[in-house]
Amino acid sequence: MKLKTRDNGKVTILDLSGKLMGGTDADLLRDTIHGLIEEGRKRVVVNLADVKWVNSTGVGILITGYTTLRKNKGDLKLLNVSNKIQSILYVTKLNLIFECFTSEQDAVNSFTGT
Amino acid sequence: MADTIVLEFPSSYKWLNMIDLVCGEVSSEMGFGREALNAISICVIEACTNALEHGNKCCPEREVRAVFKRRPDRMVIEVIDCGRGFDFKEYLKHIPDPSDIHNQRGRGIYIMKQMMDSIAFEKLPGRGMKITLEKMIDGDAEKNCD
């Protein structure tokens, strides 16, 4: 997995690409989110447009990012979720946890109170 | 297309592209719809990553075998690792709630159970664990889990 970080106003966009499947992926996303929290940037959108696969470990990595930010009074939302990833979220009922968007600006505008 | 396709690959994530391509080709050829194609792809990748991570401990010298079988009414996929196996009967009794965000384990098998029509585990003497996944072409079969 590759990860690029950019800002859209007060929201940080994490552009992921490749496979989100475990191994070093977990360290990369965890370290990035911890760094953002230290900088006070706790509004995060994870853009999955270029992610080809997510397996159950990858879903766990997203959950860890979500819970880490929520514990620090932040939030994590998902952008451009593919049909395959939607299927996994739906089957595991994690679609009730993650807010998903198809428009980056809608995702950015959705942050209130964090 | 042959009725059975067997692929063996080292325990590395980079070979999953090949597995997904073959899986997609076989399942498309069999006439599965888009939803079923996605489900099969997700579950085959899940089974293969389980095999190379948990079974083979990501050791490149250990191979994962993926077998795709075309049957008149279903697609059968077997994924076999070289690991020591696990107590799947006990494990299947206690699959955690996949929506529990405080739990990191158990979602893979839950996902495969939900998305496929049948899932079975077997410990192969002298080889490792075999997981067998089945997807019915009509998609309406009663689910089995052994």
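For chain B, modelled as a Gaussian network with Cα springs under 10 Å, which listed residue fluctuates most, B:Arg65, B:Arg107, B:Arg34?
Highest fluctuation of the listed residues: B:Arg34.
Per residue of A:91-100, how many C-beta atoms from partner chains lie within 10 Å of its own C-beta, taken as a mean?
Mean partner shielding for this stretch: 3.
May I ask you to sort B:Cys82, B:Cys43, B:Cys48 by Cβ crowding, counting other Cβ atoms within 10 Å and putting the fewest first?
Least crowded to most crowded, the residues run B:Cys82, B:Cys43, B:Cys48.
Count the lysine pairs in region A:1-80 whose Cα atoms lie under 12 Å apart, taking only pairs 8 or more positions apart in sequence or on different chains.
Count of close lysine pairs: 7.
GNM, chain A, Cα, under 10 Å: largest mean-square fluctuation among A:Leu96, A:Leu79, A:Leu36?
Between A:Leu96, A:Leu79, A:Leu36, it is A:Leu96 that shows the largest mean-square fluctuation.
State the volume of the convex hull built on the alpha-carbon positions of the protein assembly as shown, expressed per residue in Å³ and rounded to an integer.
Each residue corresponds to 127 Å³ of Cα convex hull volume.
Once amide H atoms are built 1.01 Å from N in the peptide plane, which residues 5 or more positions from A:Glu99, or in another chain, come under 5 Å H to H?
Amide H to amide H, under 5 Å and 5 or more residues apart or across chains, A:Glu99 pairs with A:Leu78.
Output needed: percent of Cα pairs per 5 Å distance bin for chain B, bins running from 0 to the one holding the longest distance.
Cα pair-distance distribution for chain B, in percent: 2, 10, 20, 23, 21, 15, 8, 2, 0, 0.
Please sort through the DSSP H helices of chain A and keep those with an alpha-carbon extent of at least 18 Å along the long axis and a Kyte-Doolittle average not below -0.5.
Qualifying helices: A:24-38, A:56-71.
Give me the inter-chain shielding for A:19-25: mean count of other chain Cβ atoms within 10 Å, whole number please. Provide the component values of the computation, followed by the final result.
On the way: counts 6, 0, 6, 4, 4, 0, 1.
Mean partner-chain Cβ count within 10 Å for A:19-25: 3.
Based on the mean of other beta carbon atoms within 10 Å per residue, what is the order of B:49-58, B:22-31, most packed first?
Ranking the peptides B:49-58, B:22-31 by packing returns B:49-58, B:22-31.
Using only alpha carbons, build the gyration tensor for chain A and give me the equivalent ellipsoid semi-axes, biggest first, whole Å.
Each semi-axis is the square root of five times an eigenvalue, giving 19, 16, 13 Å.
Pick from A:Gly22, A:Gly74, A:Gly40: which is most flexible by mean-square fluctuation in a GNM of chain A where alpha carbon atoms under 10 Å apart are linked?
Evaluated over chain A, the most mobile residue of the options is A:Gly40.
What is the mean number of Cβ atoms from other protein chains located within 10 Å of the Cβ atom of each residue in peptide A:51-59, rounded to a whole number?
6
Only the coordinates and a few stated rules stand behind these numbers; no lab work does. Given the structure is predicted, the values throughout are model-derived calculations rather than measurements. Backbone-built Cβ (ideal geometry, glycine too); neighbour counts: all protein chains shown.
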